[in-house]
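Participant: I'd like to ask some things about the structure below.
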Amino acid sequence: MQEVKSKVTSWLIPIGAVIAALALGAIMLLALGAEPLSGYATMFGAAFGNLKGLSATAMKSIPLLLVGVGICISFRANVINIGGEGQMVMGALWATITALSFPHLDSLMLVPLVLLMGILGGAVWGAIPGALKAYFNVSEILSTIMLNIVAVQIMNYLLRGVLIDPGEIERGTRIPQTARLPETSDLPLLFEGLRVHLGFVIALLAAFAVWVLLWRTALGFKLRSVGLSREAARYAGIPVKRSIITALALSGAMAGLAGAILVFGSESHRMVTDGSSTGFTGSAGFNGIVVALFAGLHPLWSIPSSLLFGGMLVGANALQRAAQVPSALVIALNGLIVVFVVSSEFFRRKLQQHHSARQAIEEDSRLTEENVGS
Amino acid sequence: MNDFFSTTILIATVASGIRLATPFLLASLGEALGQRSGVLNLGVDGVMLMGAFVAYFVVLKTGNPLIGAAAGILLGMVFGLVYAFITVNLHAEQGVSGIGIYLFGLGMSDLLFQKLVGTPLPIMPFPEIHIPLLADIPIIGPMLFTHSLIVYVAFLLVPAFTLLLNSTTYGMNIRAVGENPAAVDSLGVSVTKVRYSAIIIGNGLAGLAGAALAIELGIFQHNLTNSMGFIAIALVYFGAWRPFGVMAGSLIFGMVAAIVLQGKTLGIIPRSASDLAAMAPAVITIFALVLVANRFKQPAALSKPYERGR
């Protein structure tokens, strides 16, 4: 009973943090001249109120969920992966190059192949900072940030150069984008008339796979042990260096898959750059961190979490149309939620300390009584 | 190409490199101060964006770049106060909460811009100040001594910060708090106060960095900084937490950017090659990180919240 109670309170605090963030968002809406309640109603109605909205929400949640479950792996191993953006870009590039190289493969071959290349591209881009951390003691926070910048420049270079749509050169418009990718690489739609595609199912499966990996395999046990205490893990004979590299590679793999799905599930079926990583990823590499944190770094809880944040993105666009509130509001709100959730950890810990202290006192008095009794 | 022409280009490139290095330098000096006190702030880019917007807006309304810059600093300090509360009092994980600050700044600056300004109007830049006598030195003069006030301030802060960190009690306290907060605490110096002040000054500089960028460019737009704040954080490691090291890193980034820009306008380098050139500083930084990680120790208490008795 006691256990259940402490679990409930530990859940209440992050939820309280989100409510606090949403309340601040309401104040922001008011300041922007929009009615907060009807504003939020518009948002959630657009995101979850009808099939089209649900489909759009599912689409937005795909990269968030994939990056998020990747973050679950790395954060559980106590490795801070800020490189989701770059890993998405690299995964997308590897996959795009593959699709352009093998246009004649049929769909059953090409779709799995490009997704696999996306996974590999992201994994390599994650493994590099992993190796730098393991062998040269370079902070993964910094190297992943730097590799984000490198990945964006590689993307710009390739999309303006060898990968550019030949039509863009003919027309002289030179928009940095690829030609339409082979139709056999399109991700199949799940339902007639709705935009949501196979990528959503893949993301759900990936979330489940990561849960199995973390809690049902020896590798997952090793990664989590390294996360809890590197020293203890080393003492127990777990290869810490290799685990760090693995954690970042797996985390990158998930982001890479997200990048690939973003390309092959896009409406234009091209890879396009506006020169920044945000332009391609929609900041999913960062927002995935928000999703994972909100889910308590649990891959299965990341599913509803990603749907919530995906829905907020869809809702924000609706709000922009309905009430002229810039959709950038959601990015700001996401930032607030991160700050609040991370800060709320303090209160959760305090509560836990208080709780275990009380338990210790109770235990102590019980033992004393027993001793007195005998 | 004759000699006169190439000298002019050289002067212009170096001068613009110094200008472009200024936001990096201001932001990374601020970050270095915070890290020296043991606090990692990954939100620099967000604070820069907010500083840039506020400065842009204020200059748009008042026409005075100095007031704009002051507004940037002030806004950064407010963010610093909030960040100090989160990290010092609430012990929030610093790697992650900074990303929250970044996202907030990214979204908020865009939101405010769209709501309050909408169509981008150019603003008044800083006037150039020609330092008497020094500006008249051939070649060196126009390279180094014909900049705006903010550039001089940024580069003067380098020796000032070196002095501050190495030769003042306050600087000693900052460094000590970053290395061993428990020891400082036992001497009766407030860890909280030292960290609060370092974070607030550091974020003020990040705000000023954003202001410098917006006022120098004369515009604001969505994601104006384009990850400059993140680079500034890496420059702190690049410079091994020392002001002059940070300055060297900033100058490399500024110079590369200037060369790329100059090459593009002259049509010497094709656009695609300039993307690769733009990548160079990031790659150099990664190698520098490898070197620094083995030679210089980061502040021992970096990103570790201090709790008495633990």
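Participant: Here are B:Leu106, B:Leu121, B:Leu75: which of them is away from every other protein chain (no Cβ under 13 Å), within 23 Å of A:Gly33 (Cβ to Cβ) and buried (at least 23 other Cβ atoms within 10 Å of the Cβ)?
Facilitator: B:Leu75
Participant: Yes or no: A:Leu29 in a helix (DSSP H, G or I), more than 18 Å from A:Leu308 (Cα to Cα) and modelled with pLDDT of 95 or more?
Facilitator: So A:Leu29 does not fit the description; no.
Participant: Considering the range B:87-103 alone, what residues qualify as being within 10 Å of chain A (Cβ to nearest Cβ) and surrounded by fewer than 24 Cβ atoms within 10 Å (Cβ to Cβ)?
Facilitator: Narrowing the range B:87-103 to residues within 10 Å of chain A (Cβ to nearest Cβ): B:87, B:89-103.
Result: B:Asn89, B:Leu90, B:His91, B:Glu93, B:Gly95, B:Val96.
Participant: Any idea which residue in the range A:345-361 is nearest to the other protein chains (Cβ to nearest Cβ), counting only those that are farther than 22 Å from A:Ile15 by Cα and not polar (S, T, N, Q)?
Facilitator: Residue satisfying both the conditions and the ranking: A:Ala357.
Participant: Now, a different point. Considering only the range B:10-114, give the helices (runs of 4 or more DSSP H) lying wholly within it that have at least 3 residues that are in contact with a Gly (Cβ under 6 Å, 6 or more places away or on another chain), at pLDDT below 95 and not charged (D, E, K, R).
Facilitator: B:94-112
Participant: For B:Gly309, work out the one condition from (1) within 27 Å of B:Gly207 (Cα to Cα); (2) of a type outside the set (Phe, Trp, Tyr); (3) in a loop (DSSP other than H, G, I, E, B) it doesn't fulfil.
Facilitator: (1)
Participant: May I pose another question? Please enumerate the residues belonging to the range A:269-303 that are on the phi > 0 side of the Ramachandran plot and within 10 Å of chain B (Cβ to nearest Cβ).
Facilitator: Result: A:Gly275, A:Ser283.
Participant: Taking the condition more than 9 Å from chain A (Cβ to nearest Cβ), closer than 25 Å to B:Met143 by Cα and not in a helix (DSSP H, G or I), does B:Ile219 pass?
Facilitator: So B:Ile219 passes the test.
Participant: Further question: So, B:Gly210, is that one within 11 Å of chain A (Cβ to nearest Cβ) and either surrounded by fewer than 23 Cβ atoms within 10 Å (Cβ to Cβ) or touching a residue at least 12 places away in the same chain (Cβ under 8 Å) (or both) or not?
Facilitator: So B:Gly210 does not fit the description; no.
Participant: Among the candidates A:Gln352, A:Gln320, A:Gln359, single out the residue that is more than 17 Å from the chain's Cα centre (by Cα) and under 25 Å from B:Phe104 (Cα atoms).
Facilitator: Values: A:Gln352 fails: under 25 Å from B:Phe104 (Cα atoms); A:Gln359 fails: under 25 Å from B:Phe104 (Cα atoms).
When all the criteria are applied, what remains is A:Gln320.
Participant: Would you pick out the residues in the range A:54-92 that are of a type in the set (Phe, Trp, Tyr) and either at pLDDT 95 or above or closer than 13 Å to A:Val314 by Cα (or both)?
Facilitator: Once the filter is applied, which keeps residues that are of a type in the set (Phe, Trp, Tyr) and either at pLDDT 95 or above or closer than 13 Å to A:Val314 by Cα (or both), the range A:54-92 yields nothing.
For every residue, the table says whether it meets (1) of a type outside the set (D, E, K, R); (2) surrounded by 19 or more Cβ atoms within 10 Å (Cβ to Cβ); (3) within 14 Å of chain B (Cβ to nearest Cβ).
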residue: A:Leu115; (1), (2), (3): yes, yes, no
residue: A:Gly130; (1), (2), (3): yes, yes, yes
residue: A:Lys133; (1), (2), (3): no, yes, yes
residue: A:Glu140; (1), (2), (3): no, yes, yes
residue: A:Ser143; (1), (2), (3): yes, yes, yes
residue: A:Leu159; (1), (2), (3): yes, yes, yes
residue: A:Glu170; (1), (2), (3): no, no, no
residue: A:Arg195; (1), (2), (3): no, no, no
residue: A:Ala207; (1), (2), (3): yes, yes, no
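Participant: Hey, A:Leu105 hits all of (1) in contact with a helix residue (DSSP H, G or I) (Cβ under 8 Å, 6 or more places away or on another chain); (2) modelled with pLDDT of 95 or more but one; which does it fall short on?
Facilitator: That leaves (2) as the condition not met.
Participant: Please enumerate the residues belonging to the range A:172-193 that are surrounded by 14 or more Cβ atoms within 10 Å (Cβ to Cβ) and part of a loop (DSSP other than H, G, I, E, B).
Facilitator: Once the filter is applied, which keeps residues that are surrounded by 14 or more Cβ atoms within 10 Å (Cβ to Cβ) and part of a loop (DSSP other than H, G, I, E, B), the range A:172-193 yields A:Ile175, A:Pro176, A:Thr178, A:Ala179, A:Leu181, A:Pro182, A:Asp186, A:Leu187, A:Leu190.
Participant: From (1) touching a Phe, Trp or Tyr at 6+ places or on another chain (Cβ under 7 Å); (2) modelled with pLDDT of 95 or more, pick out the condition that doesn't hold for A:Ile145.
Facilitator: The one condition A:Ile145 does not meet is (2).
Participant: Sticking with this structure for a sec: Looking at (1) among the basic types (Lys, Arg); (2) under 23 Å from the mean Cα position of the chain (by Cα); (3) within 28 Å of B:Leu276 (Cα to Cα); (4) not in a helix (DSSP H, G or I), can you tell me which one A:Lys133 breaks?
Facilitator: Every listed condition holds for A:Lys133 apart from (4).
Participant: Going by the conditions given, is A:Gly279 buried (at least 20 other Cβ atoms within 10 Å of the Cβ) and small (Gly, Ala, Ser)?
Facilitator: No, not satisfied.
Participant: Exactly one of (1) part of a loop (DSSP other than H, G, I, E, B); (2) without any contact (Cβ under 8 Å) to a residue 12 or more places away in the chain; (3) more than 10 Å from chain A (Cβ to nearest Cβ); (4) not basic (Lys, Arg) is unmet by B:Ala248. Its number?
Facilitator: (1)
Participant: Can you find even one residue in the range A:67-84 that is over 15 Å from A:Phe286 (Cβ atoms), out of contact with any Gly (no Cβ under 8 Å at 6 or more places or on another chain), crowded, with 24+ Cβ neighbours inside 10 Å and within 14 Å of another protein chain (Cβ to nearest Cβ)?
Facilitator: Yes: the range A:67-84 contains one or more residues that are over 15 Å from A:Phe286 (Cβ atoms), out of contact with any Gly (no Cβ under 8 Å at 6 or more places or on another chain), crowded, with 24+ Cβ neighbours inside 10 Å and within 14 Å of another protein chain (Cβ to nearest Cβ).
The values are calculated or read from the model by the stated rules, or taken from the named source; none is laboratory data. Since the model is a prediction, treat every value here as computed from it, not as a measurement. As a convention, Cβ positions derive from the backbone with ideal geometry for all residues, glycine included, and neighbour counts pool all protein chains shown.
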